[in-house]
1. Exceeding 22 Å between C-alpha atoms, which entries from my cross-link table qualify? They are LYS30/LYS313; LYS206/LYS313; LYS30/LYS251; LYS29/LYS394; LYS137/LYS272; LYS251/LYS304.
2. Nearest 0.05, what FRET efficiency do SER88 and ASP269 give at R0 = 25 Å with Cβ-Cβ as r?
3. I need the peptides 337-344, 133-140, 102-109 ranked by packing, meaning the mean over residues of other C-beta atoms within 10 angstrom, with the highest value on top.
4. Order the peptides 365-374, 67-76 from the highest to the lowest mean number of other Cβ atoms within 10 Å of their residues.
5. Please list, in chain and number order, the residues 5+ apart from TYR151 or on another chain whose amide H is under 5 Å from its amide H, with Hs placed from the backbone.
6. How far apart, in nm, are the 7 Å Cα→Cβ label points at MET287 and THR359?
7. Compare the peptides 13-23, 56-66 by average per-residue count of other Cβ atoms within 10 angstrom and give them in order, highest first.
8. Work out the length of the dipole vector of the chain about its Cα centre, built from +1 on the beta-carbon of each Lys and Arg and -1 on the beta-carbon of each Asp and Glu, and round it to the nearest 20 debye.
Amino acid sequence: DSVFKNVDSAPPIQVFQLTKLFTDSTDPKKVNLGVGAYRTEEGKPWVLPVVHTAELQMANDLTLNHEYLPVAGLPDFRIAATQLLLGSNHTVIAENKVESFQALGGTGALRLGAAFLKNVMNFNVVYVSDPTWENHKGVFQAAGFSDVRLYRYWDSESRGLNFRGMCEDLSNAPENAVIILHGVAHNPTGIDPTKEQWEAIANICKEKKLFVFLDCAYQGFASGNLDEDGWASRYFADQDLDLFVAQSFSKNFGLYNERTGNLVVISRDPKKLTEVRSQMEIQIRIMWSNPPNHGARIVTTVLKNSAYFEEWKGQILIMADRIKKMRQELLDNLKKLGTPGNWDHITKQIGMFSYTGLTEKQVEYLKSKSIYLLSSGRISMCGLTSKNVEYVAKTIDEAIR
Ligand code: PLP
C-alpha cells in the first residue's frame with residue numbers, strides 16, 4: 001500500500017490535453033488551434049534568428065559561467081526589460097520610482113507579485129476579467145488569495161468589450177482589491193480597451209484606491225510595434241499610482257521554455273523601494289531562490305545591441321503580420337462560404353487569440369474533425385496556415401449550420 005493510495009487525479013490542463021490529442025491524432029488534416037505559441041506558415045515552432053545569434057555569441061563567450069544570479073535576477077536584464085516596457089525616457093524611470101525583479105516567465109512574475117501582495121501587504125481580494133487566462137485564478141489562490149472575483153469583460157452579443165459592466169464592477173470593488181488588467185492583447189478575447197476606455201479605467205482604479213496589476217504577456221504581438229503595445233503600461237505608470245506589471249518574454253522572444261519574465265514595481269514614493277525590494281527578495285528566496293540565466297541573457301544581449309534590437313523588431317513584425325494575415329484569410333473564407341452570422345470580430349480582435357463565439361457543441365464538432373481548440377471557442381491564430389485555413393473555415397461553417 002502506498003501512502004499515495006487516496007490521491008485522486010486532478011482534472012487535466014486543457015491546453016496541454018489538446019496538444020496531446022493533436023499529437024496522437026493520425027488524421028493528416030489535423031490542426032492545433034489550442035496552443036498559445038507562435039507557429040510558422042509550415043506549422044512549426046520558430047527560433048527567432050536573432051535569438052539563435054545571441055545564443056551562439058553566448059556559447060562562445062568564455063567569460064560567462066553558471067554561477068547563481070543575484071536573487072533579484074540579472075541586473076542588466078531587469079533594467080533593459082523595464083526600459084522596453086515603459087520606454088527608456090519614462091518619467092518613473094528618471095525619478096527612480098521603478099524596481100524590477102526577474103521572474104520565471106510571466107507566470108512567475110504574477111506569482112511573485114501575488115506573494116508580495118498577500119504576505120507583505122495582507123491583500124486578499126483579486127479581480128480578474130470574465131473570461132481571463134485560465135491560470136490567473138489559480139496563481140492568486142496558490143499565493144493565498146481566498147477571494148477571487150470576476151469583473152465583466154466580454155459581451156457575447158456584440159462580441160466585444162462590455163465596457164459599462166467592467167466599469168460598474170471595478171467601481172464596486174473594495175479598497176486595495178487587486179485588479180488584474182491585461183496590458184495588451186487580452187487573452188482569450190483579443191479585445192482591448194481603447195485609449196479613452198483605458199483612461200476611464202485608470203480613473204476608477206485611482207478614485208477607488210484599487211491596486212492595479214497589469215499582465216503584459218504580448219508586447220509586440222498585437223500591433224507589431226513595441227511602443228504601441230506598451231501604451232497601456234506606460235499610461236498607467238504615468239498616473240501617479242502604485243503599480244505592478246508582469247512582463248513576459250515567452251511570446252515576443254519565443255523563449256517559452258526558458259521562463260523569462262520580469263516583475264516591474266512602480267512606487268509613488270521612490271524612497272519606499274528599498275524596503276519593497278528587501279521584502280520582494282525574501283519572497284523570491286523562498287519560492288525559487290534565484291532565477292535562471294539563459295533566457296534573461298539572450299534578452300539582454302538583444303536589447304542592448306542596437307543592430308540586434310532592430311533585427312528583433314523585424315522578427316516581431318513577421319510574427320504579428322502572419323497572425324493578421326491568418327485573421328484575414330479565415331474571415332475571407334467564412335465570407336466566401338456564406339457562413340451564417342457576422343464574423344468581423346475575427347479581424348477586429350488582436351494578438352495571438354480569437355474568441356470565435358463558437359459554442360461548446362460546435363467546438364466538439366470541430367474536434368471530431370481533428371481541429372483542436374479550447375471549449376470556450378478560443379482559437380490561436382498561430383495554428384492556422386494558408387494550407388489549413390480553408391479546411392478550418394469549412395468545418396466551422398459545417399458546425400454552425
Ligand atoms: N499572462 C497571460 C495573459 C498569458 O496569456 C500567458 C501565457 O499564455 C502568461 C501570462 C504567462 O506567460 P509565461 O509563459 O511567460 O509564464
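1. Working: LYS30/LYS313 32 Å; LYS206/LYS313 34 Å; LYS30/LYS251 24 Å; LYS29/LYS394 12 Å; LYS137/LYS272 29 Å; LYS251/LYS304 19 Å.
Those over the limit are LYS30/LYS313; LYS206/LYS313; LYS30/LYS251; LYS137/LYS272.
2. Details: r = 22 Å, r/R0 = 0.90.
Using R0 = 25 Å, I get an efficiency of 0.65.
3. Details: 337-344: 13.5, 133-140: 19.8, 102-109: 25.4.
The peptides rank, most packed first, as 102-109, 133-140, 337-344.
4. Per-residue mean Cβ counts within 10 Å order the peptides as 365-374, 67-76.
5. VAL128, SER129, ASP130
6. 4.1 nm
7. Working: 13-23: 14.6, 56-66: 9.4.
Those peptides, ordered most packed to least, come out 13-23, 56-66.
8. Details: 44 positive and 46 negative charges, 115 e Å.
Computed about the Cα centre, the dipole is about 560 debye.
No value in this document is a laboratory result; all are computed from the given coordinates. All values derive from a computational prediction rather than experimental measurement. Every residue, glycine as well, gets a Cβ built from its backbone with ideal geometry; the counts of neighbours run over all protein chains shown.
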